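Q: Sharing a structure here in structure tokens format.
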Amino acid sequence: MIKFDDLVDITKRYEGFRTNAYIDPLQVTKFTKEEVKWFYDNRDKMNITIGYGTLMEDIDEEMAILLLKHRLKLKINEVNKEFAYLDINESLVWDMLYLMSYQLGVAGIKKFKNMLQAIKEKKYKEVYKQALDSLWYKQTPKRALEVVGIIKPLLERI
């Protein structure tokens, strides 16, 4: 089992900290080059706010960590509820799902139908294979390898 603070550290490493609003690198292709340029040229003048009137430029790393921890706890609760039917008794599998959910959301994990079936059947080599046979891996290979690598100790048992 991975400690909560380690889940936070892994997430921090891949998400990165920024004080200014930015377009998700995986979503930027949905916009024209002109739209992206306009956004970055004007974002500081737009006074983008979150929460209760907090300007994005006022976010410091301490506040960002508090927000990350809160969101990660929400994701953990959502994953526990949504995937209870899998009858998972391996904490490393839960840890993998928690980290996946922060990036992909529960809806994104649900698209891994073969992986989820392999979890249910406790076929961890297949879980590993299915997780890496995905768009997720193609888009963020380093992160996917680390997150799925969490279950490597289970691969040796079978």
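The values are calculated or read from the model by the stated rules, or taken from the named source; none is laboratory data. Just so you know, these numbers come straight off a predicted model, no measurement behind them. Cβ sites come from the backbone with ideal geometry, for glycine too, and all protein chains shown count toward neighbours.
Q: Enumerate the pairs (first residue in region 105-125 and farther than 22 Å from L74 by Cα; second residue anywhere and of a type in the set (S, T, N, Q) and part of a helix (DSSP H, G or I)) with beta-carbon separation below 8 Å, excluding pairs fewer than 6 apart on the same chain, so at least 6 apart or on different chains.
A: Listed pairs, sorted by first residue: N114/Q130; M115/Q130; A118/Q130.
Q: Under 8 Å between Cβ atoms, which residue pairs at least 6 apart in sequence (or on different chains) link something in region 25-41 that is not assigned by TED's automatic domain parsing to the domain that holds Q139 with a partner that is aromatic (F, W, Y) and modelled with pLDDT under 95?
A: F31/F39
Q: Go through F17, F39 for me and flag whichever is surrounded by 10 or more Cβ atoms within 10 Å (Cβ to Cβ) and either part of a helix (DSSP H, G or I) or touching a Gly at 6+ places or on another chain (Cβ under 9 Å) (or both).
A: Of the residues listed, the single one that is surrounded by 10 or more Cβ atoms within 10 Å (Cβ to Cβ) and either part of a helix (DSSP H, G or I) or touching a Gly at 6+ places or on another chain (Cβ under 9 Å) (or both) is F39.
Q: Taking the residues in region 42-55 that are of a type in the set (A, V, I, L, M) and assigned to a strand (DSSP E or B) as candidates, determine which candidate is farthest from L68 (Cα to Cα). Working first, answer last.
A: From region 42-55, those of a type in the set (A, V, I, L, M) are 46, 48, 50, 55; that's our starting set.
After this cut, where a residue has to be assigned to a strand (DSSP E or B) as well, the list is 50, 55.
On the way: I50: 14, L55: 17 Å.
Within region 42-55, the match that is farthest from L68 (Cα to Cα) is L55.
Q: Next question, about the same structure. Only one residue in I158, I88, I119 is of a type in the set (V, I, T) and modelled with pLDDT of 95 or more, so which one is that?
A: Result: I119 is the single residue among I158, I88, I119 that is of a type in the set (V, I, T) and modelled with pLDDT of 95 or more.
Q: While we're on this one: What residue, among those in region 92-146 that are of a type in the set (D, E) and surrounded by fewer than 16 Cβ atoms within 10 Å (Cβ to Cβ), is farthest from V8 (Cα to Cα)? Lay out the reasoning, then the answer.
A: Taking region 92-146 first, the residues of a type in the set (D, E) are 95, 121, 126, 133, 146.
Pick out the ones that are also surrounded by fewer than 16 Cβ atoms within 10 Å (Cβ to Cβ) and you get 121, 133, 146.
Working: E121: 29, D133: 25, E146: 14 Å.
Applying the filter and picking the extreme gives E121.
Q: Further question: Determine whether region 60-76 contains at least one residue that is in a helix (DSSP H, G or I), under 19 Å from the mean Cα position of the chain (by Cα), among the small types (G, A, S) and at pLDDT below 95.
A: So far as region 60-76 goes, yes, one or more of its residues are in a helix (DSSP H, G or I), under 19 Å from the mean Cα position of the chain (by Cα), among the small types (G, A, S) and at pLDDT below 95.
Q: Let me ask you something else. Mind checking which residues of region 81-97 are within 22 Å of E156 (Cβ to Cβ) and in a helix (DSSP H, G or I)?
A: L86, S91, L92, V93, W94, D95, M96, L97
Q: In addition: With respect to the numbered conditions (1) more than 26 Å from Y98 (Cα to Cα); (2) exposed (fewer than 12 other Cβ atoms within 10 Å of the Cβ), which one is the sole condition not fulfilled by P25?
A: (1)
Q: Output yes when any residue across region 52-59 is touching a residue at least 24 places away in the same chain (Cβ under 8 Å) and in contact with a Lys or Arg (Cβ under 7 Å, 6 or more places away or on another chain), and no when none is.
A: no
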